[in-house]
1. Name the residues in the range 44-103 that are hydroxyl-bearing (Ser, Thr, Tyr), outside any strand (DSSP E or B) and not assigned by TED's automatic domain parsing to the domain that holds Lys19, would you?
2. I'd like the residue in the range 51-81 that is closer than 19 Å to Arg224 by Cβ and of a type in the set (Asp, Glu) and, out of all such residues, is surrounded by the most Cβ atoms within 10 Å (Cβ to Cβ).
3. If the Cβ limit is 6 Å and pairs must be 6+ apart or interchain, which residue in the range 109-124 that is outside the structural domain of Glu8 (by TED's automatic domain parsing) pairs with which residue that is surrounded by 12 or more Cβ atoms within 10 Å (Cβ to Cβ) and aromatic (Phe, Trp, Tyr)?
4. Give me the pairs, please: first residue somewhere in the range 29-48 and touching a residue at least 24 places away in the same chain (Cβ under 8 Å), second residue anywhere and among the polar types (S, T, N, Q) and part of a helix (DSSP H, G or I), beta-carbon distance under 7 Å, and either six or more positions apart or on two chains.
5. Name the residue, out of Leu175, Leu134, Leu113, that is outside any strand (DSSP E or B) and within 28 Å of Lys19 (Cα to Cα).
6. Of the residues in the range 42-73, how many are more than 14 Å from the chain's Cα centre (by Cα), under 23 Å from Val261 (Cα atoms) and of a type outside the set (Val, Ile, Thr)?
7. Within the range 197-213, which residues are farther than 19 Å from Val226 by Cβ and surrounded by 18 or more Cβ atoms within 10 Å (Cβ to Cβ)?
8. Residue pairs, Cβ under 8 Å, 6 or more apart or interchain, first in the range 56-73 and in contact (Cβ under 8 Å) with a residue 24 or more places away in the chain, second part of a helix (DSSP H, G or I) and surrounded by fewer than 20 Cβ atoms within 10 Å (Cβ to Cβ). List them.
Amino acid sequence: MRIAIQGEAGSFSHEAATKLVDGATVVPQSHSADVFAALNGGAVDAAAIPIENSLAGSVLEHFDLLLAHNVKVEREMLLRIRHNLIALSGASMAEIDRVFSHPVALAQCRRFLAAHPRMEAFAFYDTAGSVKHLVEQRDTHAAAIASAAAAEYYGAAILEAGIEDSPENFTRFFLVRRTADAAIDPESNKISLAFSVENRPGSLVAALAELSKLGTNLTKIESRPVHGKPWEYIFYVDCQLRTSGEGARAVEALAPHCSMVKELGRYKEARI
C-alpha cells in the first residue's frame, strides 16, 4: 500500500505510516494539502496524518481537510514521541551552537535547550527535514531534534536521546482512505463526526444532548470557523461507541438539529 505523509522520510509520520500498515511504501509530500490531493487523485492508496498531540493539541488544518475531501478515517494509532539531539557522526556536544527542528518539537524540548544556552534554536519545516539538512550541509556545529528513525535514515548520530520535557508525549494519527475504499472495522467503538448547527440559543446543546441520549461518550470537541461566514462554526467531535452500529444512529440523531452532518470515520479506538 502506498501511503502519503506530510514531511520527509524518517519523520514521525513516516514511522506512524509503517506501523499503521505493515510493509507500506511511504510517499512524502511537502504540504498537508498535497497529501489529500495525492489521495484524491489516486496517486496513493491512503494517507497517514497526525490529528492531535497530547501536549501541543490538535492539528487544526487536518480537520478542515478531512471535511473538504471525500475521504474517511479507517484506523487510528497513538505514537510515543521521543525527541533526540542529532548531529553529524563524529560531532560533539561542545561543538553544537545551533539546533534546528519543527517549532512544536523545539517547544517540547525547552528544558534541554535552557540547560544548553550556547545552543541557539531555529525553527525548521520538519523534524526529519532538519536532519536531512544538516547532513547535506555537513555542518558539524549544527544539530537537529528529531526521531531515532530520522538519525538512522540519514546516517547521522544521536548525541543525546530522550530530550523531551515530558514522557507523556503522544501523537494520535489517522489512516485515511478514499470513501469508496474505506472499510469499517466490525469492532469499531469510536466515531469522528463533523456538524454545524443554526446560530441560535441552545442549538449546540440540543445536538450534543442527542448524542448523550444514545449513551455515547463524547471524548473530544473542536470548533473551526466556516470560511466566508463570520462567527459560524463547524464542530468536530469524537465519541466512544458501544457497538459499530451505534455510529449510524448517532448520525441520524444529529440530523434534525444540524444544517450539516458528516461522518468522518468509524474505527477501533487506539490504546496506549
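The values are calculated or read from the model by the stated rules, or taken from the named source; none is laboratory data. Not measured: the values here are computed from a predicted model. Cβ coordinates were reconstructed from backbone atoms using ideal geometry, including for glycine residues, and neighbour counts include every protein chain displayed.
1. Once the filter is applied, which keeps residues that are hydroxyl-bearing (Ser, Thr, Tyr), outside any strand (DSSP E or B) and not assigned by TED's automatic domain parsing to the domain that holds Lys19, the range 44-103 yields Ser89, Ser92.
2. Of everything passing the filter in the range 51-81, Glu52 is surrounded by the most Cβ atoms within 10 Å (Cβ to Cβ).
3. Sorted first by the residue in the range 109-124, then by its partner, the pairs are Phe122/Phe100; Phe124/Phe100.
4. So the pair list comes out as Ala48/Ser13.
5. Leu134
6. Qualifying residue count for the region: 5.
7. Once the filter is applied, which keeps residues that are farther than 19 Å from Val226 by Cβ and surrounded by 18 or more Cβ atoms within 10 Å (Cβ to Cβ), the range 197-213 yields Glu210, Leu211.
8. Close Cβ pairs (under 8 Å, with a partner that is part of a helix (DSSP H, G or I) and surrounded by fewer than 20 Cβ atoms within 10 Å (Cβ to Cβ)) amount to Ala56/Val104; Ala56/Ala107; Leu65/Ala33; His69/Asn40; Asn70/Asn40; Val71/Asn40.
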